[in-house]
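To keep things clear, I will list the structure first and then write my remarks on it.
The values are calculated or read from the model by the stated rules, or taken from the named source; none is laboratory data. Values in this document were obtained by computation on a predicted structure and should not be read as measured data. Reconstructed Cβ throughout: ideal geometry from the backbone, glycine too, with neighbour counts over all protein chains shown.
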There are 2 protein chains.
Amino acid sequence: MIPLEALSETLKLLSDKTRLTILALLKEKEMCVCDIVEILQTTQPNISQHLRRLKTGGLVMETRRSQWVYYSLNVEDKPYLHGILAQLPSMKDQINAAKSQNCN
Amino acid sequence: MIPLEALSETLKLLSDKTRLTILALLKEKEMCVCDIVEILQTTQPNISQHLRRLKTGGLVMETRRSQWVYYSLNVEDKPYLHGILAQLPSMKDQINAAKSQNCN
DNA sequence: TACTAATATAATTATTTACTTATATAATGA
DNA sequence: TCATTATATAAGTAAATAATTATATTAGTA
């Protein structure tokens, strides 16, 4: 049983529209920062800071591969979030739409 | 499938510690405002305002019974929240501790 | 080594939000 | 009707937060 304090911190991470969208994207596949920036049409620092919070909160993992930092979901050990994550809409269309002008 | 916008609004309601605690209390049993104020040791307007947000967000219902307004959980139709609600700690101890100085 | 691309961090700003204080409304009972 | 209890609403304040702009770091490459 998670302390209420910790639970509300995690839910705060999920309560922001931009972060929820990032999680929806990562549900499809791992992505680097520039992919997400491209798809969400916002600034790089904005996404970078959201990703840092998600990482600190334990919701995503990062792996650097040469110049790119790839982020992926890290929620296997948090089954109580599965219900919510399952509600996230498919991002396939947005991903495909952005595929043409990829950053790498 | 719920729009991302609506989902983040709901999660915003769940992301506050006070509101989470209220939900944990209502998971045990329906309660009037003064019960919650007593247990959470805060002001009546504070709780009243949180309850209004929870009601507007569709997470709780209200029923007036004479001078008391009772609030209860309204989450049967939101199965994607069950995982989170199941994580809320038991409030039995806090409820019993406050039972002596009940408001009605 | 210099240049570029990808990412991170820092500082600032504008908005949101939780809480408080004060006041209003609603219901009960003397 | 008046007083009391329970609840709601309004206004103000302080703190938290998302996004922006500017700058730093890291890696690849000519």
Response to the item:
By residue number, the members of segment B:53-62 that are more than 18 Å from residue B:11 (Cβ to Cβ) and within 10 Å of DNA strand D (Cβ to nearest atom) are B:62
Worksheet item: Does residue B:25 satisfy the condition of being surrounded by 20 or more Cβ atoms within 10 Å (Cβ to Cβ), farther than 30 Å from residue A:22 by Cβ and either more than 9 Å from DNA strand D (Cβ to nearest atom) or among the polar types (S, T, N, Q) (or both)?
Response: yes
Worksheet entry | Check on residue B:11, within 14 Å of chain A (Cβ to nearest Cβ), within 30 Å of residue A:22 (Cα to Cα) and in a helix (DSSP H, G or I) | yes
Worksheet item: List, please: which pairs have Cβ atoms under 7 Å, are six or more places apart or on different chains, and start with a residue in segment A:3-21 that is farther than 24 Å from residue B:89 by Cα and end with one that is more than 7 Å from DNA strand D (Cβ to nearest atom) and among the polar types (S, T, N, Q)?
Response: A:16/B:8; A:17/B:8; A:20/B:8
Worksheet entry | Number of the condition not met by residue B:104 [criteria: (1) modelled with pLDDT of 95 or more; (2) within 12 Å of DNA strand D (Cβ to nearest atom)] | (1)
Discussion item. Would you confirm, using the coordinates I've provided, whether residue B:20 is surrounded by 16 or more Cβ atoms within 10 Å (Cβ to Cβ) and out of contact with any helix residue (DSSP H, G or I) (no Cβ under 6 Å at 6 or more places or on another chain)?
Written reply: no
Practice prompt. Those residues that are within 7 Å of DNA strand C (Cβ to nearest atom) and either of a type outside the set (Ser, Thr, Tyr) or in contact (Cβ under 8 Å) with a residue 24 or more places away in the chain (or both), I need them from segment A:38-50; list them, please.
Written response: A:44, A:45, A:49
Practice prompt. Test residue B:19 against the criterion of being within 13 Å of chain A (Cβ to nearest Cβ) and within 10 Å of DNA strand C (Cβ to nearest atom), and give yes or no.
Written response: yes
Practice prompt. Residues that are away from chain A (no Cβ under 14 Å), over 23 Å from residue A:83 (Cα atoms) and under 16 Å from the mean Cα position of the chain (by Cα): find the helices (runs of 4 or more DSSP H) completely inside segment B:33-104 holding 1 or more of those.
Written response: B:33-40, B:44-56, B:92-99
